1. Just checking, does segment 256-273 include any residue being among the aromatic types (F, W, Y), open to solvent by less than 10 Å² (accessible area, probe 1.4 Å) and in contact with a Leu (Cβ under 8 Å, 6 or more places away or on another chain)?
2. Can you tell me which residue in segment 8-22 is farthest from R148 (Cα to Cα), limited to those that are open to solvent by 70 Å² or more (accessible area, probe 1.4 Å) and of a type in the set (A, V, I, L, M, F, W, C)?
3. What are the pairs with Cβ atoms under 6 angstrom where one residue, in segment 77-96, is more than 14 Å from Q149 (Cβ to Cβ) and touching a residue at least 12 places away in the same chain (Cβ under 8 Å) and the other, located anywhere, is open to solvent by 70 Å² or more (accessible area, probe 1.4 Å) and of a type in the set (D, E, K, R)? Sequence gap at least six, or different chains.
4. Out of all the residues in segment 120-137, is one or more part of a loop (DSSP other than H, G, I, E, B), hydroxyl-bearing (S, T, Y) and surrounded by 15 or more Cβ atoms within 10 Å (Cβ to Cβ)?
5. Listed residues L67, L77, L19; which is within 18 Å of the chain's Cα centre (by Cα), within 18 Å of V160 (Cβ to Cβ) and assigned to a helix (DSSP H, G or I)?
6. Tell me which residues, restricted to segment 161-176, are over 19 Å from I142 (Cβ atoms) and either hydrophobic (A, V, I, L, M, F, W, C) or touching a strand residue (DSSP E or B) at 6+ places or on another chain (Cβ under 9 Å) (or both).
7. Can you pull out every residue in segment 284-306 that is open to solvent by less than 20 Å² (accessible area, probe 1.4 Å), closer than 19 Å to N217 by Cβ and not hydroxyl-bearing (S, T, Y)?
8. Regarding L33, is this residue touching a residue at least 40 places away in the same chain (Cβ under 8 Å) and either hydroxyl-bearing (S, T, Y) or open to solvent by 40 Å² or more (accessible area, probe 1.4 Å) (or both)?
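The values are calculated or read from the model by the stated rules, or taken from the named source; none is laboratory data. Source: prediction; values computed, not measured. Cβ placement follows ideal geometry from the backbone for every residue including glycine, while neighbour counts extend to all protein chains displayed. To get the accessible areas, we keep the full protein, side chains included, count just its heavy atoms, and leave off ligands, DNA and RNA. Shrake-Rupley method; radii C 1.70, N 1.55, O 1.52, S 1.80 Å.
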Amino acid sequence: MGKAQETWICGFWRRIGALCADFLFLSIVGNLLGITQKDFLAQLGGWGLLVGFAISIVYFGVMNSSLVNGQILGKMLLKIRVVDSSNSTVSLPRSFLRSSFFLIPIFLSGAQLSSEVLLPYLIYPLSFIILGGFLSILYLYIFNRVTRQSLHDLVSGTYVVSVNGSIGTPLSIWKTHLVIVTLVLITSFLSPIFTSDLVKSKDFISLLETEREIRKNELVKSATVQEVSSAFNSFDSGSKTIKFVEANVFLNKKDVYDANIAKQLAAIIVDAYPDSLNNSFIQVTPTYGYDIGISSRWYSNVYRFSPKDLTRLK
C-alpha cells in the first residue's frame, strides 16, 4: 500500500472508535425514547425493533451522505468520512443502501424469534442474512487491510477515509477476501441443514404447538418453549442430569410478579405437552418490557412448578 493510500484510507481503530461513538449516541436517543414511551414500545413487542432500525438507518443514511459531507457524529469526532472512489461524498440513496447492508444483520440478530423461524422457508434466508452478513462484515473489518472496505462498503462502492489525509488512488481488494466472504455466505445459507432433523422431530413439533397454545392466552404477546437438559455435580450423588421445560413468556402487561399467572401458563404447558410430566420441573419466566435495538428494558421473574402438582390442581 502506498503512503498516500495509507494516509487517505481510514485505519481500523479510528473506524471502530467512530462506530462506538455513534452507537453511544443512538443508545442515548433510544433511552430517552424509552423513558417517555416505554408502555407504547412494550406493546409493539418484537416489532419494536423497527423503531430502532428506522432511527438508525435515518441517522446513518442521511448523515453519511453528501447532505452532511459523509459524516455522522462519530466520524466528525475522528475526522473521517464516507466517499466514493473519486473522493466525493455519496448520494442519499447510495448511503441508505450502504446503511441497510450494515444494519439489517445487526437488528435481525436481536429479534425475538419464535421456534417457527426454524421452519425451512424462513431459517435459510435468515441464516444467510444474520450469520452470513454479520460474519462477512466482521471478517472484512479486521482482515481487509488494503481498502478497509467491509461488506456494506463493497456493495455501495464506498470508502471510509481521513478528512485531512493525502488523496490516493483506490487499490483493489485482495481477491482471496472475496472468495472467503463468498464461502462464508454460502456456508451460512446451508448451515440450517444441520437442524433439519430437529424441526422434523416429534418433540419439536409438540413444543411448537405448545407455544401456539400459550399465545392464545389474552395476557400473552409471544412465547418460546424448549426442553432443557442441565448437568451438575454434587458431593453426595456425583454427576447428575436434570431435564426441565423452560418457557419465556412476554406479557401484554407488567404482571411478571403475579404467581397465579405463571401457574396458569405452566398448566397450559402440561395440557399441551404431556411429555412435560417426565421432567423435573417446569420453569416459567413472565417478561414485560421492550427492545428497540438501540435501547431495551425488561422486567421478569422466574417461577418453577412441579408438573405433578399442576395435574393435581386440575
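1. Of the residues in segment 256-273, the ones among the aromatic types (F, W, Y) are 257, 273.
With open to solvent by less than 10 Å² (accessible area, probe 1.4 Å) added as a condition, the list becomes 273.
Within this subset, residues satisfying the condition of being in contact with a Leu (Cβ under 8 Å, 6 or more places away or on another chain) are 273.
Taking every residue of segment 256-273 in turn, at least one turns out to be among the aromatic types (F, W, Y), open to solvent by less than 10 Å² (accessible area, probe 1.4 Å) and in contact with a Leu (Cβ under 8 Å, 6 or more places away or on another chain).
2. Once the filter is applied, the top-ranked residue is C20.
3. If the second residue must be open to solvent by 70 Å² or more (accessible area, probe 1.4 Å) and of a type in the set (D, E, K, R), the pairs left are L78/R14.
4. no
5. After applying the criteria, what remains is L19.
6. Within segment 161-176, S162, V163, G165, I167, G168, P170 meet the criteria.
7. Across segment 284-306, the qualifying residues are V284, P286, G289.
8. On the way: touching a residue at least 40 places away in the same chain (Cβ under 8 Å): yes; either hydroxyl-bearing (S, T, Y) or open to solvent by 40 Å² or more (accessible area, probe 1.4 Å) (or both): yes.
For L33, the condition - touching a residue at least 40 places away in the same chain (Cβ under 8 Å) and either hydroxyl-bearing (S, T, Y) or open to solvent by 40 Å² or more (accessible area, probe 1.4 Å) (or both) - is met.
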